[in-house]
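Chemist: Have a look at this one.
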Amino acid sequence: MSTILVGSAPDSWGVWFPDDPLQTPYTRFLDEVSAAGYQWIELGPFGYLPTDPGQLSDELAARNLKLSAGTVFEHLHQDDSWSAVWRQIEDVAKLTAAVGGKHVVVIPEMWRDASSGAVLEDRTLSAEQWRKKTRGMNELGKAMFEQYGVRAQYHPHADSHVDTEESVYRFLDGTDGAFVNLCLDTGHISYCGGDNIAIIRRAPERIGYLHLKQVDPRVRARVEAEDLPFGEAVKLGAMIEPPHGIPYMPTLLAEIDKLGIDVFAIVEQDMYPCDPDAPLPIATRTSAYLVSCGVPSVQLR
C-alpha cells in the first residue's frame, strides 16, 4: 500500500506570480491552507513566500505546515538556456532544501502567453530541440540532487511542448529516471486529452509526484473547438472543484495506491484571478472529498 500525502499550493489560492495586487497575501494563504486541514504546501512562484529560510521556517512552523517542493519553469530547448534555467533552480532548490523540502517541480514554459494568447514560438519542437530539452533536464536533475539533495519532478503543462500524453512519453523516454521523474498533473493531462491511468500504467516507476486537479469537460470542449489559450480557459473555469470534473479521483487514487510508493499529492485548482474569499471553502471541501474517496493511503497529515 502507498502513502499518498495530500497537500495544497498557492495556485489553489489564485497565485501565479511572486507579487500581484490581484492575489491573496501570503500570510492569508498560509493561515487558510492550514485552516482547510492541510499540512503540506509548495513554495509557489519564487518570491511569493518569504525567501529567507529562517523567516519561512518560522512562518510554516507557526501554522504546523511543512514544505513538499519548490517550483521553477524551464526553456531548455532554446539555445544557451541552461545557465539561465540553472540560476533559477539554484535559488529555488537552495530554499526548498533549507526548509526541509525534497522536490523541485519543473514546468516547461508555454509557447504562447497565458493571458493574451500571443504566440511566442512554434508549437512543435524539432528533433534537436527535443534533445536539448531532455539532455538539459538530465543535467539539471543530476546537479540539483547532487548539490541540494532535491529531486526533479517534471510537470507537463497545457500550451507547452510537453502537454499531451504522447509528448509525456517522449519526454520520459529521453530522460533518466535516476534524476528526472514525473509530476503527474491530472488536470493538465486531462485538459490536453490524455489518459492519466494509461500514463501511470505505462511508466509506474516514473511517478514521483502528483498534482491533483479536475477539468470541466464542457470548458475543455470549447477550448479545443476555439483553440483558446490556457489563461482564458482558466478564467472560464476550466479547472473545477472536485468531484465535478475529470479525471475521476477515486479510480486515479486507487491506481496510485497499487504502486506501493510514498508520494506527495498536491491539490492545485488554477483560479487566477479569483475572489479572495473563494479559495478557503473550496479547499476545505476538497480536502474532505479526497479523504472520502475510499483509498486508505490518502493522508492529510
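Chemist: Filter the range 223-274 down to the residues that are among the hydroxyl-bearing types (Ser, Thr, Tyr) and in a loop (DSSP other than H, G, I, E, B), then identify the one that is most open to solvent (accessible area, probe 1.4 Å).
Modeler: Initially, the range 223-274 is screened for residues among the hydroxyl-bearing types (Ser, Thr, Tyr), giving 248, 251, 272.
If we keep only those that are in a loop (DSSP other than H, G, I, E, B) as well, we get 248, 272.
Numbers: Tyr248: 146, Tyr272: 27 Å².
Per the stated criteria, the residue is Tyr248.
Chemist: All but one of (1) under 18 Å from the mean Cα position of the chain (by Cα); (2) closer than 19 Å to Ala69 by Cβ; (3) not in a loop (DSSP other than H, G, I, E, B) hold for Pro156; state the number of the condition that does not hold.
Modeler: Of everything listed in (1) under 18 Å from the mean Cα position of the chain (by Cα); (2) closer than 19 Å to Ala69 by Cβ; (3) not in a loop (DSSP other than H, G, I, E, B), Pro156 misses just condition (3).
Chemist: With the condition kept exactly as written, say whether any residue in the range 46-54 is open to solvent by 40 Å² or more (accessible area, probe 1.4 Å), among the charged types (D, E, K, R), in a helix (DSSP H, G or I) and free of Cβ contacts under 8 Å to residues at least 12 places away in the same chain.
Modeler: Among the residues of the range 46-54, not one is open to solvent by 40 Å² or more (accessible area, probe 1.4 Å), among the charged types (D, E, K, R), in a helix (DSSP H, G or I) and free of Cβ contacts under 8 Å to residues at least 12 places away in the same chain, which makes the answer no.
Chemist: Would you be able to say whether some residue in the range 187-207 is open to solvent by 50 Å² or more (accessible area, probe 1.4 Å), of a type in the set (S, T, N, Q) and in a helix (DSSP H, G or I)?
Modeler: So far as the range 187-207 goes, no, none of its residues is open to solvent by 50 Å² or more (accessible area, probe 1.4 Å), of a type in the set (S, T, N, Q) and in a helix (DSSP H, G or I).
Chemist: So, one more: Return the residue satisfying two criteria in turn: it lies in the range 55-85 and is open to solvent by less than 20 Å² (accessible area, probe 1.4 Å), touching a Pro at 6+ places or on another chain (Cβ under 9 Å) and in a loop (DSSP other than H, G, I, E, B), and of such residues it is nearest to Phe29 (Cα to Cα). Working first, answer last.
Modeler: Quick first cut of the range 55-85, residues open to solvent by less than 20 Å² (accessible area, probe 1.4 Å) only: 56, 60, 65, 67-70, 72, 74, 76-77, 81, 85.
With touching a Pro at 6+ places or on another chain (Cβ under 9 Å) added as a condition, the list becomes 56, 74, 76-77.
Those still in the list that are in a loop (DSSP other than H, G, I, E, B) too: 76-77.
On the way: Leu76: 32, His77: 34 Å.
Within the range 55-85, the match that is nearest to Phe29 (Cα to Cα) is Leu76.
Chemist: Picking from Gly47, Gly14, which residue would you name as being among the small types (Gly, Ala, Ser) and in contact with a Phe, Trp or Tyr (Cβ under 8 Å, 6 or more places away or on another chain)? Outline the logic, then answer.
Modeler: On the way: Gly47 fails: in contact with a Phe, Trp or Tyr (Cβ under 8 Å, 6 or more places away or on another chain).
One residue alone meets the criteria, Gly14.
Chemist: Now for a different question. Of everything in the range 141-162 that's under 30 Å from Thr124 (Cβ atoms) and of a type in the set (S, T, N, Q), which residue is surrounded by the most Cβ atoms within 10 Å (Cβ to Cβ)? Give the derivation first.
Modeler: From the range 141-162, those under 30 Å from Thr124 (Cβ atoms) are 141-144, 151-162; that's our starting set.
With the extra rule that they be of a type in the set (S, T, N, Q), the set shrinks to 153, 160.
Details: Gln153: 28, Ser160: 22.
Applying the filter and picking the extreme gives Gln153.
The values are calculated or read from the model by the stated rules, or taken from the named source; none is laboratory data. This is a predicted model, so every value here is computed, not measured. So basically every Cβ, Gly included, is an ideal-geometry build from the backbone, and we count neighbours across all protein chains shown. Areas reflect the complete protein model, heavy atoms only, side chains present, ligands, DNA and RNA absent. Shrake-Rupley method; radii C 1.70, N 1.55, O 1.52, S 1.80 Å.
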